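Below: one structure, written as structure tokens.
The values are calculated or read from the model by the stated rules, or taken from the named source; none is laboratory data. Note that this is a predicted model, so its numbers are computed, not measured. Note: ideal-geometry Cβ built from the backbone for every residue, glycine included; neighbour counts use all protein chains shown.
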């Protein structure tokens with residue numbers, strides 16, 4: 001064994017010395033020929049030397065230890081015409097090329113056009129979230145990621161089925177994902193498209209230049225002022241979506257002679273009435289970036305601040321029965337008329353002001369130290385109806401539908417079903433929508449006021465989720481003469497999440513009693529258990545007051561990582577490791593009557609030490625054909641948002657709380673020929689000991705419960721492929737697709753708890769094995785034809801998706817719910833199958849089209865326009881997702897139907913801009 005190690009070290013040393021003796025280098029800079037600005041994040045290749053690199057933030061690239069002689073240099077990337085040129089590498093000297101001028105390809109404004117899932121869509125019985133399109137969609141040079149990320153976003157497509165928290169977003173080199181839910185708030189940079197187009201990307205779990213990475217990939221958005229061309233830009237847009245107008249103005253000084261650069265932008269989006277009834281949108285965004293460079297560019301200090309306050313009315317999912325009754329698959333149950341005006345019960349107000357300070361020290365041409373800090377205070381609130389000893393005010397509540405009465409054994413009047421059917425078919429908004437006037441009437445009714453002493457039967461509450469967070473990090477990047485690159489980094493983060501609820505509108509009542517309605521119903525003689533806060537019993541809450549719940553979660557983490565990358569003429573490889581410490585602690589600000597000993601004050605601190613190992617290698621058949629493989633294993637601390645059984649009322653953690661484990665592998669064939677380039681990949685990711693949670697109203701227990709799944713194992717595996725064929729300088733064709741399966745690989749333990757204290761840690765195995773992971777298609781394909789001529793751009797694409805499944809409710813996979821089922825009884829067996837089989841949504845094909853033109857004028861001025869149409873055939877019957885209800889009835893299995901989301905029909909986007 002010792003002899004083997006000696007031989008290994010000797011070989012490594014021999015290779016290092018051999019490369020160190022070869023001092024031939026090649027450097028250059030990539031420039032946009034029209035805008036005269038550097039182009040970062042582009043792939044630069046030396047074909048005969050079989051080397052690749054990525055242009056940095058200044059558009060510069062450097063090859064070290066290359067073989068002298070004739071070679072071909074090629075440049076590829078999103079948004080440019082491919083470039084290839086013959087170069088002569090002189091032995092033993094520094095070869096510096098003249099600036100390489102590249103032609104930009106006008107593209108549709110993908111960040112706005114394809115960001116179809118713009119809002120969080122929240123329901124009482126499920127949690128489906130979506131945001132604007134990821135920056136990596138724009139920044140990535142990978143053909144597959146650059147295309148499917150925005151082409152398939154209307155279908156809620158997630159690459160490799162990964163959850164959003166596996167995607168990392170950096171701003172100027174500092175991680176911007178929050179610690180509470182582990183995701184980046186893309187709404188914070190909404191309508192700031194002009195300032196978020198540049199940067200670098202690490203695809204999947206590969207090795208990068210600014211991060212250790214994550215299995216979902218990482219992007220570093222470059223918002224440094226010096227990276228923008230001098231001049232201004234005005235943009236106006238129209239669309240028929242949740243907003244219909246958008247405007248942006250930006251201006252940059254460029255890097256001035258005194259070393260300063262300034263860039264600013266103001267934008268906004270607006271719709272008093274969105275395309276979907278009841279929705280609205282009001283948003284103003286801003287960004288200011290300033291940078292100072294000195295010591296001939298060796299030091300750069302940048303400060304950027306941005307924010308995007310928004311108020312928006314949301315859309316909600318509903319039942320197919322309701323969609324059919326109103327004849328509209330985009331029916332929105334959240335709104336109704338109040339005094340003749342539209343009012344939405346689900347209003348979101350959000351604002352996440354952020355500041356990023358970063359410093360770059362270029363120690364020498366091959367050594368860089370990047371340090372920075374990020375501070376933000378995100379405020380998010382979503383309103384919802386609440387009621388107390390009153391009928392459910394939601395218009396699509398199942399008891400108000402004809403189907404309920406057709407299955408109700410207590411119904412004796414045969415005309416009852418027809419009565420409810422005709423009510424819905426009448427399109428009377430007092431029936432089909434929220435009846436705000438009736439809610440006011442009941443609150444102000446003299447008899448009700450006397451009975452309740454003026455307390456509200458109905459009210460609107462605001463659920464707040466605020467986050468104050470700071471991050472400090474530093475990354476060291478060193479390129480050695482033997483083609484070894486060393487990257488190392490440290491990071492420290494501290495966060496406090498504020499979770500509470502306030503009274504938004506009493507709807508004509510005087511106050512609301514701060515009591516739990518479910519606890520009061522189940523414990524009528526116990527006054528203490530009803531109290532949401534024993535410190536202030538029987539408290540009357542008024543508009544603006546906190547009530548219901550109020551708690552904070554403090555989160556701290558620190559990590560350190562290191563990676564090594566090597567390039568040789570035949571094999572490239574990398575390896576690295578990361579160590580992370582995380583702790584979090586809940587502090588309750590209310591003493592809950594159901595959990596008086598575990599709700600108030602600081603709770604237990606939960607701490608975790610996690611690690612990650614990864615490595616990969618690329619075998620280079622030639623400068624155009626590569627075979628690569630990557631592998632990683634890591635543990636990950638629980639997400640604080642999922643770590644507690646019922647964080648609103650108790651410090652009790654989920655039983656068996658532990659770090660999850662992830663093992664990811666892939667193998668890839670990459671090819672890049674003059675007319676054909678692309679990638680084919682096989683991948684598999686195994687998730688172990690994961691946690692999931694669903695909150696819903698438990699019909700038989702008649703209370704609100706949290707159902708936590710622990711020890712969840714899942715497998716995501718499949719094949720993905722992409723190719724671009726260039727017929728000539730004008731025509732090109734894209735062929736992109738994935739065939740995968742994402743499924744549960746075991747039957748996890750389910751732990752149920754009720755906020756009213758009726759159910760405590762009720763454990764039962766949940767039969768989830770072989771059910772499919774929901775929320776994303778597992779088959780997808782894109783076929784696109786593109787034409788480019790004289791800065792005209794045309795594109796027509798066909799998009800196909802399939803193997804998309806509803807989210808499965810754990811309650812329907814408990815054996816205890818089916819003890820009365822007789823497997824020999826045909827009716828019982830049919831009910832069992834109906835409740836436990838997972839629904840697969842229909843496979844669909846859609847067509848998109850776009851056209852764009854860039855007009856270049858004198859003095860670097862330019863006019864750009866693009867027009868795109870999504871779902872060209874106006875298909876209004878495309879289900880993009882949904883979820884089973886957390887309720888069941890074995891006698892009438894169709895009573896609690898699933899809720900669905902539908903894709904909008906014809907969707908247009910018109911954009912025009914003027915740059916000066």
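Per-structure values
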item: Condition met for residue 450 (farther than 30 Å from residue 494 by Cα, assigned to a helix (DSSP H, G or I), modelled with pLDDT under 95 and in contact with a helix residue (DSSP H, G or I) (Cβ under 8 Å, 6 or more places away or on another chain)); result: no
item: Flag if residue 805 is touching a strand residue (DSSP E or B) at 6+ places or on another chain (Cβ under 9 Å) and over 25 Å from residue 733 (Cα atoms); result: yes
item: Segments classed as strands (runs of 3 or more DSSP E), wholly inside segment 132-240, with at least 3 members that are within 22 Å of residue 557 (Cβ to Cβ); result: 168-171, 218-221
item: When residues of segment 849-866 are limited to those that are at pLDDT 90 or above and not in a strand (DSSP E or B), the one nearest to residue 252 (Cα to Cα); result: 861
item: Residues of segment 260-313 that turn out to be buried (at least 17 other Cβ atoms within 10 Å of the Cβ) and not in a strand (DSSP E or B), as a count; result: 8
item: Among the candidates 587, 577, 582, 568, residue that is closer than 30 Å to residue 62 by Cα and modelled with pLDDT of 95 or more; result: 577
item: Flag for residue 230 being on the phi < 0 side of the Ramachandran plot, assigned by TED's automatic domain parsing to the domain that holds residue 743 and surrounded by fewer than 24 Cβ atoms within 10 Å (Cβ to Cβ); result: no
item: Any hit, segment 649-662, residues being in contact (Cβ under 8 Å) with a residue 60 or more places away in the chain, within 26 Å of the chain's Cα centre (by Cα) and under 20 Å from residue 181 (Cβ atoms); result: yes
item: Residue ID - farthest from residue 738 (Cα to Cα), chosen from residues in segment 672-694 that are surrounded by fewer than 16 Cβ atoms within 10 Å (Cβ to Cβ) and either touching a helix residue (DSSP H, G or I) at 6+ places or on another chain (Cβ under 8 Å) or modelled with pLDDT under 95 (or both); result: 674
item: Residue count for segment 26-62, restricted to those that are on the phi < 0 side of the Ramachandran plot and not in a strand (DSSP E or B); result: 14
item: Residues located in segment 732-789, provided they are out of contact with any strand residue (DSSP E or B) (no Cβ under 7 Å at 6 or more places or on another chain) and crowded, with 16+ Cβ neighbours inside 10 Å; result: 757, 767, 776, 788
item: Counted residues, segment 278-330 - those being more than 21 Å from the chain's Cα centre (by Cα) and under 20 Å from residue 382 (Cα atoms); result: 6
item: In segment 329-348, residue nearest to residue 403 (Cα to Cα) [restricted to those that are surrounded by fewer than 17 Cβ atoms within 10 Å (Cβ to Cβ) and touching a residue at least 24 places away in the same chain (Cβ under 8 Å)]; result: 337
item: Residues located in segment 81-118, provided they are at pLDDT 80 or above and either within 23 Å of the chain's Cα centre (by Cα) or in a strand (DSSP E or B) (or both); result: 83, 84, 85, 86, 87, 88, 89, 95, 96, 100, 101, 102
